[in-house]
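Okay, so here's the structure we're looking at.
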Amino acid sequence: MNWDDNGPDIDQRLVDSGPDGEDQAVEAALRPKDLDEFVGQEKVREQLDLVLRAARARGATADHVLLSGAPGLGKTTLSMIIAAEMNAPIRITSGPAIQHAGDLAAILSSLQEGEVLFLDEIHRMSRPAEEMLYMAMEDFRVDVIVGKGPGATAIPLELPPFTLVGATTRAGLLPPPLRDRFGFTGHMEFYEPAELERVLHRSARLLDVEIDTDGAAEIAGRSRGTPRIANRLLRRVRDYAQVKADGIIDRDIAAAALKVYEVDARGLDRLDRAVLGALLKLFGGGPVGLSTLAVAVGEERETVEEVAEPFLVREGLLARTPRGRVATPAAWTHLGLVPPQQGNGKIGQQGLFGT
Ligand SMILES: Nc1ncnc2c1ncn2[C@@H]1O[C@H](COP(=O)(O)OP(=O)(O)O)[C@@H](O)[C@H]1O
Ligand SMILES: [Mg+2]
């Protein structure tokens with residue numbers, strides 16, 4: 001399967017991880033600006049509120065903050081909110097952008113007092129940069145290495161106090177010495193449908209789109225617990241409502257639009273269903289190795305592993321086992337097929353269970 005045969009009109013990255021182009025512009029417009037506007041994540045919000053209030057009361061720079069959670073849950077948004085709440089400027093960079101310790105030194109040495117440094121995908125920083133970061137976080141100091149080989153010297157450089165906000169999709173990947181240097185770690189959870197409905201109503205208001213309660217519920221249920229996906233689906237449904245109806249989004253319009261974009265009632269998209277379909281129809285439900293599965297759907301290993309699988313696992317449709325990927329009984333049901341134990345391995349009996 002190839003995303004490119006989707007045709008040029010369809011947003012090919014409806015449910016993927018990162019924003020780009022038009023997406024990025026719209027996302028910026030939809031970002032909540034302060035903690036009060038930020039929907040859900042009650043725990044993280046309450047904890048962060050305390051951290052920031054206390055720092056403000058002391059007239060101090062806030063402690064370093066680590067935000068962990070799946071893509072699209074609001075890590076970047078929260079980092080900007082932290083800066084806004086502290087009335088501080090923010091500098092944004094990411095782990096992969098910092099190849100050498102020198103890159104990091106340049107950024108650190110140009111920070112203003114109290115500035116927020118947002119380091120996205122912090123787990124992908126290079127090792128030497130990481131080690132420099134330890135010292136910068138703890139002592140607000142870096143050693144700049146001048147020269148090479150035996151003649152190289154380390155020149156210590158004082159830094160103004162700053163707040164590092166690190167974001168990572170997997171806190172477990174961070175080396176413990178780095179993790180320990182954050183004063184506060186916020187774990188972002190997937191959102192409840194009711195919270196996503198609030199996100200959708202808010203976004204609709206900002207985008208000047210009319211949506212009713214049922215329409216929002218329909219989109220929320222297919223958004224994989226993720227505000228970024230909810231916002232993206234909202235825009236595609238808005239397009240449909242504009243072209244095919246009177247522009248108002250209700251349940252029927254939302255369902256019809258998402259059918260066009262191949263997002264099903266549980267939020268699975270084409271890639272998800274292709275992966276599940278191959279697993280069930282070609283490999284009898286598994287176990288099958290990731291590489292084989294990826295070849296079967298014509299995708300990269302990483303795409304299957306990082307884009308499709310986390311959601312399928314979370315939904316209880318697929319399991320990762322030491323022997324390979326295995327479909328659960330719910331996967332058979334969801335695709336309208338009969339699990340082997342009930343159907344003697346016979347597949348293709350569409351419609352028995354519905355989708
Ligand atoms: N709690 C929230 N309330 C409202 N909108 C949110 C919330 N979290 C995320 N969003 C929206 O989702 C989009 C993606 O959020 P972002 O902060 O970029 O996620 P991440 O950095 O975790 O990948 C943004 O456009 C933002 O407006
Ligand atoms: Mg982000």
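The values are calculated or read from the model by the stated rules, or taken from the named source; none is laboratory data. As the structure is a computational prediction, the values presented were derived from the model and not from experiment. Positions of Cβ are backbone-derived with ideal geometry, glycine not excepted, and every protein chain shown enters the neighbour counts. In case anyone asks, the SASA skips ligands and DNA or RNA and just uses the protein heavy atoms, side chains included. Shrake-Rupley method; radii C 1.70, N 1.55, O 1.52, S 1.80 Å.
Some notes on this structure:
- Of everything listed in (1) modelled with pLDDT under 90; (2) within 16 Å of ligand 1 (Cβ to nearest atom), the single unmet condition for residue 101 is (2).
- Residues of the stretch 31-63 that are at positive phi and either modelled with pLDDT under 80 or surrounded by 13 or more Cβ atoms within 10 Å (Cβ to Cβ) (or both): 40, 41.
- The condition of being of a type in the set (Asp, Glu), under 25 Å from the mean Cα position of the chain (by Cα) and not in a loop (DSSP other than H, G, I, E, B) holds for only one of 262, 305, 299, that being 305.
- Within the option set 86, 125, 135, being away from ligand 1 (no atom under 14 Å from the Cβ) and touching a residue at least 40 places away in the same chain (Cβ under 8 Å) holds for one residue only, 86.
- Check on residue 28, small (Gly, Ala, Ser), at pLDDT 95 or above and either away from ligand 1 (no atom under 12 Å from the Cβ) or surrounded by 12 or more Cβ atoms within 10 Å (Cβ to Cβ) (or both): no
- Residue satisfying condition, being under 15 Å from residue 31 (Cβ atoms) and touching a residue at least 60 places away in the same chain (Cβ under 8 Å), within set 205, 228, 236, 224: 228
- Residue tally, condition part of a loop (DSSP other than H, G, I, E, B) and either hydroxyl-bearing (Ser, Thr, Tyr) or in contact with a Phe, Trp or Tyr (Cβ under 9 Å, 6 or more places away or on another chain) (or both), over the stretch 33-56: 3
- Among (1) open to solvent by less than 60 Å² (accessible area, probe 1.4 Å); (2) over 17 Å from residue 72 (Cβ atoms); (3) outside any helix (DSSP H, G or I) - the single one residue 275 does not satisfy: (3)
- Residues of the stretch 135-192 satisfying the condition of being within 16 Å of ligand 2 (Cβ to nearest atom) and open to solvent by less than 50 Å² (accessible area, probe 1.4 Å): 164, 165, 166, 167, 168, 171, 186, 188, 191
- When 124, 179, 170 are checked against the criterion of being at pLDDT below 95 and farther than 29 Å from residue 30 by Cα, a single residue qualifies: 179.
- Total residues in the stretch 64-83 satisfying the condition of being open to solvent by less than 40 Å² (accessible area, probe 1.4 Å), in contact with a helix residue (DSSP H, G or I) (Cβ under 9 Å, 6 or more places away or on another chain) and near ligand 1 (Cβ under 7 Å from one of its atoms): the figure is 7.
- Residue satisfying all of: in the stretch 283-297; small (Gly, Ala, Ser) and open to solvent by 30 Å² or more (accessible area, probe 1.4 Å); farthest from residue 325 (Cα to Cα) among these: 296
- Boolean, residue 219 is in a helix (DSSP H, G or I), open to solvent by 20 Å² or more (accessible area, probe 1.4 Å) and not small (Gly, Ala, Ser): no
- Residue count for the stretch 100-122, restricted to those that are in a helix (DSSP H, G or I) and buried (at least 19 other Cβ atoms within 10 Å of the Cβ): 5
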